[in-house]
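*Asks:* Below is one structure. I have some questions about it.
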4 protein chains.
Amino acid sequence: MEQLIGKTKWAIAEGYIPPYSNGPAPEFTSHEAACILNTSDKDAYVEIMIYFSDKEPVGPYKMTVEARRTKHIRFNNLDDPQPIPVGTDYSSVITSDVPIVVQHTRLDSRQAKNALITTIAYTE
Amino acid sequence: MEQLIGKTKWAIAEGYIPPYSNGPAPEFTSHEAACILNTSDKDAYVEIMIYFSDKEPVGPYKMTVEARRTKHIRFNNLDDPQPIPVGTDYSSVITSDVPIVVQHTRLDSRQAKNALITTIAYTE
Amino acid sequence: MEQLIGKTKWAIAEGYIPPYSNGPAPEFTSHEAACILNTSDKDAYVEIMIYFSDKEPVGPYKMTVEARRTKHIRFNNLDDPQPIPVGTDYSSVITSDVPIVVQHTRLDSRQAKNALITTIAYTE
Amino acid sequence: MEQLIGKTKWAIAEGYIPPYSNGPAPEFTSHEAACILNTSDKDAYVEIMIYFSDKEPVGPYKMTVEARRTKHIRFNNLDDPQPIPVGTDYSSVITSDVPIVVQHTRLDSRQAKNALITTIAYTE
């Protein structure tokens, strides 16, 4: 049974990949993630554009979130067309051809005890 | 006096039960929770579907949130039809027959000092 | 110049006042707060109802947020009609006669290093 | 390709600049930020009003977020018409002449291990 929920355009205004980490990798590697849920019965073709404070946007980064699946995408791992620099402010816009739900998370392990943040991304 | 507020369909895109803990149980046991508020004068019949990155969704997990009550549901404790594996990315969709409000929380006590996150879940 | 923004009915599904604290009071006292912004030119008469998992709701707790003011209300300090028990799951519904904006925050200092959470409350 | 997303009026009800810090500056300086994303092809003229618990609002603080850029604005750094006092409860309303997306973040490094919070700001 398809439980359709979501929207096709999302934004995360806060973005920052901490430049270093404490604790065992990859579990405690500092990272920033977009958790994407696709409850539909169709694969979602997802594109991410990255915005910076001092240069033109980069992207789209393209990926597929399969039907009835979730994908926790680490911004650290994006590399096509180019990696996102660490220690740099950025924002992201995520678009999809089918409805998805997007949640933003960061694990910051620069200090010995990790800090975690999350929020549902912005949609309209 | 009934103060009706909420919606009948919610999603939490981020899900991850930390596989271990520090500190006294159950207070500091790493856990992930969906806090569900039912302000209506009818019991809410709630169903949760769990989505994974690499297999078909599991559920529904069924529960009742009584009229004019709140229930803080720990995903760790769900076991019918089957427990949710720890250390695994998942997402959830929560549906109800009466309006409810859902908020997502995680206590991560893998390191000596606990980390906490929260966000109102997504609805539309 | 009045900058009207907000709604008159809000909900916070997650509620839990940590039962103990570390660090100097009141700055590091574990607490849970509803931050209420009233941008209007009229005083806001605000009422909070508290919902529990195992008993009938308690309230309303009544307060005023003056015109063009913000008020950070600590649930710990509410005492009329009765204090909210610590270490107990609860939820809250906040209503106002003029539009307000509500944000939920908790400082948990049960362990030596404090944990902080925040989310804009739910409105519709 | 312009990917327009956002609204022109936002509010952050929670505001508090921690009065002291631990760790190397400016990276671990306690701060509160509004991350503003402008995906449009026009520069955004942004104004921030600050609301207090015991005095009239202060502002507007004026700034520009250029076309297709993000700006992570630290409330600590605002000084015209006047700095925002530290250790004081406040709220903010952010308006723009073109659609923007606003996310609230605080790094609290008063204790040796930093705490982080974030939420998408309120819009309507």
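*Asks:* Which ones in the range D:34-49 are more than 9 Å from every other protein chain (Cβ to nearest Cβ) and crowded, with 18+ Cβ neighbours inside 10 Å?
*Replies:* If the condition is that a residue be more than 9 Å from every other protein chain (Cβ to nearest Cβ) and crowded, with 18+ Cβ neighbours inside 10 Å, then D:Ser40, D:Ala44, D:Val46, D:Ile48 are the ones that fit.
*Asks:* Hey, can you tell me all the residues within the range D:83-110 that are open to solvent by 20 Å² or more (accessible area, probe 1.4 Å) and under 24 Å from C:Lys42 (Cα atoms)?
*Replies:* Of everything in the range D:83-110, those that are open to solvent by 20 Å² or more (accessible area, probe 1.4 Å) and under 24 Å from C:Lys42 (Cα atoms) turn out to be D:Thr88, D:Asp89, D:Thr95.
Residues checked against (1) aliphatic (A, V, I, L, M); (2) on the phi > 0 side of the Ramachandran plot; (3) open to solvent by 50 Å² or more (accessible area, probe 1.4 Å); (4) modelled with pLDDT of 95 or more:
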site	(1), (2), (3), (4)
C:Leu4	yes, no, yes, no
C:Thr8	no, no, yes, yes
C:Glu32	no, no, no, no
C:Ser53	no, no, yes, yes
C:Glu56	no, no, yes, yes
C:Gly59	no, yes, no, yes
C:Pro81	no, no, yes, yes
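*Asks:* What number of residues within the range C:63-78 satisfy the criterion of being open to solvent by 40 Å² or more (accessible area, probe 1.4 Å), over 12 Å from the mean Cα position of the chain (by Cα) and on the phi < 0 side of the Ramachandran plot?
*Replies:* Final tally of qualifying residues: 2.
*Asks:* Name the pairs whose Cβ atoms lie under 6 Å apart, with the first residue in the range D:70-91 and within 12 Å of chain C (Cβ to nearest Cβ) and closer than 24 Å to D:Leu37 by Cα, the second open to solvent by less than 50 Å² (accessible area, probe 1.4 Å) and not in a loop (DSSP other than H, G, I, E, B), and 6 or more positions between them or separate chains?
*Replies:* D:Tyr90/D:Ile50; D:Tyr90/D:Phe52; D:Ser91/C:Leu37; D:Ser91/C:Thr70; D:Ser91/D:Tyr51
*Asks:* What tally of residues in the range C:61-78 results from selecting those that are at pLDDT 95 or above and touching a Ser or Thr at 6+ places or on another chain (Cβ under 8 Å)?
*Replies:* 6
*Asks:* On to the next question. If I ask for residues that are in a loop (DSSP other than H, G, I, E, B) and closer than 29 Å to A:Gly15 by Cβ, which ones from the range D:53-73 would you list?
*Replies:* Going through the range D:53-73, the residues in a loop (DSSP other than H, G, I, E, B) turn out to be D:53-57, D:66-68.
Those that are in a loop (DSSP other than H, G, I, E, B) and closer than 29 Å to A:Gly15 by Cβ: D:Glu66, D:Ala67, D:Arg68.
The values are calculated or read from the model by the stated rules, or taken from the named source; none is laboratory data. It should be emphasised that the depicted structure is a prediction, and the values quoted were computed from it without experimental measurement. With ideal geometry, Cβ positions are generated from the backbone for all residues, glycine too; neighbour counts draw on all protein chains shown. Protein only, heavy atoms only, side chains kept; ligands, DNA and RNA dropped before computing areas. Shrake-Rupley method; radii C 1.70, N 1.55, O 1.52, S 1.80 Å.
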